[in-house]
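Working notes, beginning with the structure itself.
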Amino acid sequence: MAKVICICSLLLLASLAAAQQAAGQQPCCDPLESRLRALEDKIRALEEEVQQLRAVQASPPATAPSAVAAAGAPVAPAQTVPAPGSGQLPVYGGASALAKALNPDIGLIGTFLGTAGGNRIRPSPSFEMAESELSLQAIIDPYARGDFFLSFGEEGVELEEGYITFTALPAGLVAKAGKMRSAFGKVNPMHRHMLPWTDRPLVTENLLGGEEGITDAGFSVSRILPAPKGIFLEATGQVFRGDSGAEEEPVFIASRKSDVSTVAHLRGYRDLTESTNLDLGLSFARGQNDAGSTTNIYGVDATLRWKPLRRAIYRSFIARSEFVWSQRRQQPEALLPAVQRAFGFYTSADFQFNRRWTAGARYDWSERARNAFESDRGASALLTFRPSEFTELRGQYRFTRFAEGVDANEFRLQLQFSLGAHGAHPF
């Protein structure tokens, strides 16, 4: 700044001198000479102020400890601001900002459920906080990420899923290790809050272990396979400890360390038009059962989605269907064969006719895994209202005719709400 002032003053003096020389010598009392002297005095005063400011900046600040600092209270770290032109970025907040950056994304989704009507075979309470799911998700390093989902229910807390995903493996492989829901079909991998209904279909209840489903500790490997243009093809192979399903009627049960269960899934996806796509899947699962033999389960699923680009938030349609075959080997009895075969399926459709409103329907039919002579069937009608992306209110009328000859008519009202960050689930 001082250099700029000096240069300006020299230019001003030179211009004034030239003007004076051109006009000829004037007496000392000339007004022009008086103005020149006044400007010189002002320039000297400005130079003195600049020197004083430089001296103040160069001297260290006075360190007068405050009463709090003298008492031993921790002092916040100073902000580091690099000199201009050094090429370094400023760091604000110090260690506290770094600690926040290392915290995982935390989210909570609550599911409240009310039920009216009668169901003597599979009763439900009038009101229940069915589930509160706490999620902890974060990038661990450039090679892996971690996902943990804790389920808080009225009966206690359990780890629904908790696994690490390795995303930088060779040959395009993606591996997971931990506890996870298996990739069998479409409904089994879904958490409760992801379902488009207030319950799970009868085929899931009878053949895949109900709400628990095929869920266990193990590892998974998946890879995107080469396919013709426009087709997405993914193969997944999983190996689990061998314990899955409800405690009363487990799907798989491991008596020895070698009684592991395996799951394989092949998924194909293709865009039919710019607003319509088709998703197909083939599934297989095998494991030990409580009869001392093995159970094989086969599945086929299909999902058709329609979502126009220009009206995506107002109109959409999704049709789902899943078919499951179970082959349970067991000790032959009087009326039961050595291989118990059972079949079940569901088909559903959901139409979004408004930005916040969706109507749907579902039909269920399923035999029972332990006795194919017994079969259940049912139908449901649903209406969903979404005030925002963080809340959802769903009503479902459900009619079920059980194998015991008992009919159940129920109306179920579900309220779901989300707090914090919750990562996206697989599409």
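Suppose we keep only residues that are among the hydroxyl-bearing types (Ser, Thr, Tyr) and part of a strand (DSSP E or B) within the range 156-169. Which one would you say is surrounded by the fewest Cβ atoms within 10 Å (Cβ to Cβ)?
Here is the first cut: in the range 156-169, the ones among the hydroxyl-bearing types (Ser, Thr, Tyr) are 163, 165, 167.
Now drop any that are not part of a strand (DSSP E or B), which leaves 163, 165.
On the way: TYR163: 20, THR165: 18.
Among residues in the range 156-169 that are among the hydroxyl-bearing types (Ser, Thr, Tyr) and part of a strand (DSSP E or B), the one surrounded by the fewest Cβ atoms within 10 Å (Cβ to Cβ) is THR165.
LEU419 fails exactly one of the following numbered conditions: (1) surrounded by 15 or more Cβ atoms within 10 Å (Cβ to Cβ); (2) of a type outside the set (D, E, K, R); (3) in contact (Cβ under 8 Å) with a residue 40 or more places away in the chain. What is the number of that condition?
(1)
Name the residue that is farthest from ALA421 (Cα to Cα), counting only residues in the range 133-150 that are in contact with a Phe, Trp or Tyr (Cβ under 8 Å, 6 or more places away or on another chain), surrounded by fewer than 18 Cβ atoms within 10 Å (Cβ to Cβ) and not aliphatic (A, V, I, L, M).
Applying the filter and picking the extreme gives TYR143.
Right, THR295: at negative phi, of a type in the set (S, T, N, Q) and under 24 Å from the mean Cα position of the chain (by Cα) or not?
no
Could you pull out the residue among GLY185, GLY178, GLY153, GLY172 that is buried (at least 20 other Cβ atoms within 10 Å of the Cβ) and not aliphatic (A, V, I, L, M)?
GLY185
For the range 378-412, enumerate the residues that are closer than 14 Å to PRO201 by Cα and touching a residue at least 24 places away in the same chain (Cβ under 8 Å).
Passing the criteria: GLY378, SER380, LEU382, GLN396, ARG398, THR400, ARG401, PHE402.
Name the single residue, out of those in the range 361-396 being of a type in the set (Phe, Trp, Tyr), part of a strand (DSSP E or B) and loosely packed, with under 15 Cβ neighbours inside 10 Å, that is modelled with the lowest pLDDT. Walk me through it before giving the result.
Taking the range 361-396 as the starting set, the residues that turn out to be of a type in the set (Phe, Trp, Tyr) are 363, 365, 373, 385, 390.
Among the residues that remain, those that are also part of a strand (DSSP E or B) are: 363, 365, 373, 385.
Subset that is loosely packed, with under 15 Cβ neighbours inside 10 Å: 373, 385.
Working: PHE373: 86, PHE385: 98.
The selected residue is PHE373.
Here are PHE219, PHE232: which of them is assigned to a strand (DSSP E or B), of a type in the set (Phe, Trp, Tyr) and under 29 Å from SER316 (Cβ atoms)?
PHE232
Restricting to the range 238-257, and then to whatever is of a type in the set (Gly, Ala, Ser) and loosely packed, with under 15 Cβ neighbours inside 10 Å, can you tell me which residue is modelled with the lowest pLDDT?
Just the residues of the range 238-257 that are of a type in the set (Gly, Ala, Ser), to begin with: 242, 244-246, 254-255.
Adding the requirement that they be loosely packed, with under 15 Cβ neighbours inside 10 Å leaves 246, 255.
On the way: ALA246: 84, SER255: 90.
This residue is ALA246.
Mind checking whether some residue in the range 265-275 is part of a strand (DSSP E or B), polar (S, T, N, Q) and under 26 Å from the mean Cα position of the chain (by Cα)?
no
The values are calculated or read from the model by the stated rules, or taken from the named source; none is laboratory data. The structure displayed is predicted, hence computed values, not measured ones. Cβ sites come from the backbone with ideal geometry, for glycine too, and all protein chains shown count toward neighbours.
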